[in-house]
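A.B. asks: Before I ask anything, here is the structure I am working with.
What follows draws every value from the coordinates through simple rules; no lab data is involved. As the structure is a prediction and not an experimental result, all values here were calculated from the model. Cβ coordinates were reconstructed from backbone atoms using ideal geometry, including for glycine residues, and neighbour counts include every protein chain displayed.
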Amino acid sequence: MHEKMNPAIERILQNIDKVMTGKRNVAELSLIALLAEGHVLLEDVPGVGKTMMVRALAKSVSATFKRIQFTPDLLPSDVTGVSIYNPKEMEFQFRPGPIMGNIILADEINRTSPKTQSALLEGMEESSVTIDGVTHRLERPFFVMATQNPIEYEGTYPLPEAQLDRFLLKMKMGYPELNEEMEVLNRAQKVPPIEDLRPVVSLEELRELQLDIKDVFVDDSIKRYIVELADRTRTHGSVYLGASPRGSIALMKASQAFAFMYGRDYVVPDDVQYLAPFVFSHRLILKSEARFEGITAEEVVNRVLARVPVPVQRLVK
């Protein structure tokens, strides 16, 4: 299925590989979200390299990197910024918060209250923040990679459904293989590779890539396939709330980015099938009896994929 990768994207991934060991699939998915102008939620235990991944991505594309450490006492204004009265000028002056950057790491987002979590909502959806009635545009590209600890951990707050729906993809990094962890130890003995990482793509080139992705052709049969997949999640017996139309749009955009990544100007069903679990799973709310039986959202999406007929006609323009 995989054709020759787009050269600029290959440069970014190779750059990230200098820092991350054995995490090419996570780097690819993160880049898909960035190219599709979406956001990523990384759920995993502490210490597996989530922060390193997003730092490496930001350095590779010459982006302004900001980190927000979410804690129980963090306030919404600590994220968005605040207007402070300047007695000399006799006017209020806006002091931007850490959300004013290109690539934002929202670290341990589920350790803060839902009110502060929601401070990211407008920025993620509208690429702007409104403070004291004044709307401030965010610079493009604007990309949030949020990390969260598994919800079973003490001191965590579940993300509101509206917040979850704004993440294009959700994924896990997982522990490294034994030989990969050996390589991590070898690298840790030297100067951290992240300090020597250099940009391989400019911000302007990245913006052009984001525009190019919008031209990737999506046949009506593929669009219908995406819509049917979303619809089946809404009527599935284990699901209380299925994927929203925003989820359908997200799957189409992610599929366009994935096709572009591998040098195609059209989407094929394999793109949709590969990405559907990452795009849909966090958008489903399962019925309590399904959760009691140990059914996961990923299993539901995979069952839906197995049941919906795959388009077979020629998809090339």
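A.B. asks: Lys and Arg at +1, Asp and Glu at -1: add these up for the other residues within a Cβ distance under 11 Å of residue 105 and post the number.
C.D. replies: On the way: positive: 50, 55, 66, 67; negative: 107, 108.
Here the count lands on +2.
A.B. asks: How high is the relative contact order of the chain? Use alpha-carbon pairs under 8 Å, at least six apart in sequence, and give a whole percent.
C.D. replies: 22
A.B. asks: Stretch residue 185-residue 67 to full length: gain in nm at 0.36 nm per residue minus the Cα-Cα span?
C.D. replies: Answer, rounded to one decimal: 40.0 nm.
A.B. asks: Return a whole-number percent for the relative contact order of segment 45-103, with Cα pairs under 8 Å and 6 or more residues apart as the contact set.
C.D. replies: Values: 57 pairs, mean separation 20.6, N = 59.
Computed over segment 45-103, the figure is 35 percent.
A.B. asks: Once amide H atoms are placed 1.01 Å from N in the peptide plane, what residues at a sequence separation of 5 or more from residue 83, or on another chain, have their amide H within under 5 Å of its amide H?
C.D. replies: Distant-sequence amide H within range of residue 83: 95.
A.B. asks: Something else about it: Let me know the shape class of segment 149-302, please: from the alpha-carbon gyration tensor, a ≥ b ≥ c as square roots of the eigenvalues, rounded when a/c is under 1.5, otherwise prolate if a/b is greater than b/c, or oblate.
C.D. replies: Note, shape of segment 149-302 comes out oblate.
A.B. asks: If r is the Cβ-Cβ distance from residue 207 to residue 293 and R0 is 51 Å, what FRET efficiency results, to the nearest 0.05?
C.D. replies: According to the calculation, E is roughly 0.65.
A.B. asks: Using only alpha-carbon positions, what ratio does the radius of gyration of segment 85-164 give when scaled by 2.2 N^0.38 Å?
C.D. replies: Normalised by 2.2 N^0.38 Å, the Cα Rg of segment 85-164 equals 1.29.
A.B. asks: Hey, how many Å between the Cα centroid of segment 10-35 and the Cα centroid of segment 48-126?
C.D. replies: Each part reduced to its Cα centre gives a spacing of 23 Å.
A.B. asks: If eta is 1.306 mPa s and T is 10 °C, what Stokes-Einstein diffusion coefficient results for the chain, Kirkwood Rh from Cα pairs, in µm²/s?
C.D. replies: Rounded, D is 77 µm²/s.
A.B. asks: Residue 220 to residue 75: extension gain in nm, 0.36 nm per residue of separation minus the Cα-Cα distance?
C.D. replies: Full extension from residue 220 to residue 75 adds 47.7 nm.
A.B. asks: Project the alpha carbons of segment 187-269 onto their principal axes and report the range along each, largest first, in whole Å.
C.D. replies: 53, 32, 19
A.B. asks: Let me ask something else. How large is the direction-averaged shadow of the alpha-carbon convex hull of segment 246-300, in nm²?
C.D. replies: 4.0
A.B. asks: Mind ranking 61-68, 4-11 by how tightly packed they are, going by the mean number of other C-beta atoms within 10 angstrom, highest first?
C.D. replies: 61-68, 4-11
A.B. asks: When 236, 282, 136 are ordered from fewest to most other Cβ atoms inside 10 Å of their Cβ, what list results?
C.D. replies: Sorted ascending by nearby Cβ count, the order is 136, 236, 282.
A.B. asks: In cubic angstrom, how much convex hull volume per residue do the alpha carbon atoms of segment 3-64 span?
C.D. replies: 97
A.B. asks: Sticking with this structure for a sec: Would you calculate, for the chain, the mean residue ellipticity at 222 nm contributed by helices, counting each DSSP H stretch of 4 or more residues as -39,500 (n - 2.57) and dividing by all residues, to the nearest 500? Could the numbers behind the result be given before it?
C.D. replies: On the way: 14 runs with 136 residues, N = 317.
Value at 222 nm, helices only, nearest 500: -12500 deg cm²/dmol.
A.B. asks: Can I ask one more? For segment 215-307, report the % of Cα-Cα distances exceeding 24 Å.
C.D. replies: Across segment 215-307, Cα pairs with separations above 24 Å total 20 percent.
A.B. asks: Using 7 Å Cα-to-Cβ label points, what is the residue 24/residue 136 separation (nm, one decimal)?
C.D. replies: Reported label-point gap for residue 24 and residue 136 is 4.1 nm.
A.B. asks: Lys/Arg Cβ at +1, Asp/Glu Cβ at -1, dipole of segment 7-209 taken about the Cα centre: which of 145, 101, 113 is farthest positive-ward?
C.D. replies: Going by the Cα projections, it comes out as 101.
A.B. asks: So what is the relative contact order of segment 215-307, in percent, for Cα pairs below 8 Å that sit 6 or more residues apart?
C.D. replies: On the way: 115 pairs, mean separation 32.3, N = 93.
Once normalised by length, the contact order is 35 percent.
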